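My questions will all concern the structure given below.
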Amino acid sequence: MTLQDLLTDCASVADRLLAWFATDARDLPWRRARTPYRVWVAEVMLQQTRVDTVVAYYDRFLSHFPSVQALAGAPLESVLKAWEGLGYYARARNLHAAAQHIMTAHGGHLPNTFEGLLALPGVGRYIAGAVASIAFGQAVAAVDGNARRVLCRVFAIREDAAQPAVQRELEALAARLLPTGQPGAFNEALMELGATVCTPRSPRCNGCPLGTLCKARLAGDAESLPVRRARPRVPHYDVAAAVTWDGDGRVLVAQRRADDMLGGLWEFPGGKREGDETLPECLTREIREELDVEIEVGGLLTVVSHAYTHFRITLHAFLCRWASGEPRCLECAAFQWVRPDELDGLPMSVADRKVAQALQAHLVGLAGQPPVRAHTAPPAPPALDGAG
Ligand code: SF4
């Protein structure tokens, strides 16, 4: 392809995408009343999370934290609580830290340049590009996975799009495509086409505004692009968690350290099974290491399966009884004894929330018995090989 061919194609791609986006863009909450803050929150939520999921959270989060100032002034725990279920909690911690930085260093106003945004906690090249172009009209590209797929197909790029060097090439290509005066609309249109038309499987080429330009379509191999590496096998771990009663109707929960995965969230303490230890042995060791207390491990409460990005877990939650020792945090940020009905107010991961719900359902099921006392004496220990 000559340079002139490429430039001609670039102009056509931009024109067609903008015309299509003007009529076919989805009506999404963050597109209704655009302010830099609303755009920023949306882009942080949308990174790693599907649009359908974000829609369910976005307005509620903004009603809790309607401005940079409100977000910066809120306790981190309440931000994590509003984020509960969205996953990738580092995003919430960084959003909170960035809001505080914006208050102190920028007078409460988001920086309006790519470089200024890039300096904020948790803001990478994609979010900086999206906010700079959509909220401030800056002529910078924003290339997410959807946009990468479209670019690879339209220009028949057959290199591994997961490689950083290839991603930079795609960013440069997207920057070349940007039309004068409408960078934000173009970036959104490119991503929207990837999300709704140029999907990973069965792209709808017949209804695509780029159909007559698209080299992958013309070559008949659109679905084979972008080139995908073989993914390494995702490891699986058995994890045990203790729902430990104190003899006074309260259970023990621990807060994860800020720098750990799921930092700041509350959990039923426990950890990963090592070697050939049984789940009760694992749990006894973990609680000793984490909180310096001895527990008696009782019956299995529930088993929860959960997939994270790089591994999967099977979480075995046991009813336990505090036996001896005053808890102290050896491997956690904080601990507290709470009544079961107070668990709803604590930010928890999806897996721990399922354990909390199983506990509440279990208490409801204990007909005729006061729930508190029923659990001060745990059932007989389970079979040593656990469940699930
Ligand atoms: Fe994607 Fe098909 Fe459109 Fe090409 S023609 S951009 S492969 S939907």
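Mind checking which lysines have their Cα closer than 22 Å to the Cα of K354? Skip sequence neighbours fewer than 8 apart in that chain.
K354 reaches K81, K272.
Whole-Hz ³J(HN,Hα) for each residue in region 252-262, computed from phi via Karplus 6.51 cos²θ - 1.76 cosθ + 1.60 with θ = phi - 60°, x for glycine and proline: what do you get?
8, 10, 10, 9, 6, 5, 4, 8, 7, 4, 6
Show that you can apply the helix-only estimate: for the chain, add -39,500 (n - 2.57) for every DSSP H stretch of four or more residues, divide by all residues, and state [θ] at 222 nm to the nearest 500.
-13500 deg cm²/dmol
May I pose another question? Return one whole number: the accessible area per residue of the chain in Å², for a 1.4 Å probe.
I get 46 Å² per residue for the chain.
For the chain, give me the percentage of DSSP beta bridges that are antiparallel, rounded to the nearest 5 percent.
If I count the DSSP bridges inside the chain, around 65 percent turn out antiparallel.
Let me know the shape class of region 237-365, please: from the alpha-carbon gyration tensor, a ≥ b ≥ c as square roots of the eigenvalues, rounded when a/c is under 1.5, otherwise prolate if a/b is greater than b/c, or oblate.
Rounded, since a/c falls under 1.5.
Report the one residue of L346, S78, P164 whose Cα lies farthest in the direction of the positive end of the charge dipole of the chain (charges on C-beta: Lys and Arg +1, Asp and Glu -1; origin at the Cα centre).
P164
Run the dipole for region 237-365 about the Cα centre, Lys and Arg Cβ at +1, Asp and Glu Cβ at -1, nothing else charged, and hand back the magnitude in debye, nearest 20.
For region 237-365, the charge dipole is close to 380 debye.
Where does each of D344, D27, D246 land when they are ordered by accessible area, with a 1.4 Å probe and the largest first? Provide the component values of the computation, followed by the final result.
Values: D344 85, D27 110, D246 25 Å².
Result, largest first: D27, D344, D246.
Can you list the HN-Hα couplings for region 181-194, worked out from phi with the Karplus curve (6.51, -1.76, 1.60; θ = phi - 60°), rounded to whole Hz and with x for Gly and Pro?
x, 9, x, x, 4, 5, 4, 5, 5, 4, 5, 5, 4, x
Another one. Scale the Cα Rg of region 98-211 by the rule-of-thumb value 2.2 N^0.38 Å and send over the ratio, two decimals.
Ratio of Rg to 2.2 N^0.38 Å for region 98-211: 1.16.
Moving to a separate point now. Non-local amide H neighbours of L301 (under 5 Å, H modeled in plane, Pro and chain starts lacking H): which ones?
Long-range HN contacts for L301: A317, F318, L319.
In whole percent, and with a 1.4 Å probe on the protein chains, what portion of the accessible area of the chain is carbon and sulfur? Don't jump to the answer; show the numbers that get you there.
Values: 9220 of 17930 Å².
For the chain, the apolar C and S fraction of the accessible surface comes to 51 percent.
As I understand it, the dipole of region 237-365 uses +1 on the Cβ of Lys and Arg and -1 on the Cβ of Asp and Glu, about the Cα centre. Which of W266, Q336, Q357 lies farthest toward its positive end?
Sorting the options by dipole projection puts first Q357.
For region 85-190, which GluC sites (Glu not before Pro) are both in a DSSP coil and crowded by at most 16 other Cβ atoms within 10 Å?
Of the GluC sites (Glu not before Pro), the ones in loops of region 85-190 whose Cβ has at most 16 other Cβ atoms within 10 Å are E159.
Moving to a separate point now. Could you give the dipole magnitude of the chain about its Cα centre, charging the beta-carbon of Lys and Arg +1 and that of Asp and Glu -1, in debye to the nearest 20?
Its charge dipole is roughly 1300 debye.
I would also like to ask the following. Charges on Cβ only, +1 for Lys and Arg, -1 for Asp and Glu, centred on the Cα centroid of region 3-224; of L62, A216, S12, which one is farthest towards the dipole's positive end?
With unit charges placed on the Cβ atoms, the residue in question is L62.
Between D292 and E159, how many nm apart are label points set 7 Å from Cα along the C-beta direction?
With each label point 7 Å from Cα toward Cβ, the separation is 5.5 nm.
Volume per residue, Å³, of the convex hull around the alpha-carbon atoms of region 3-224?
121 Å³
The values are calculated or read from the model by the stated rules, or taken from the named source; none is laboratory data. Everything numeric here is computed off the predicted structure, so don't read it as measured data. Note that each Cβ is placed from the backbone with ideal geometry, even for glycine, and that neighbours are counted across all protein chains shown. Ligands, DNA and RNA are stripped out before the accessible areas are found, and what is left, the full protein with its side chains, is counted by its heavy atoms. Shrake-Rupley method; radii C 1.70, N 1.55, O 1.52, S 1.80 Å.
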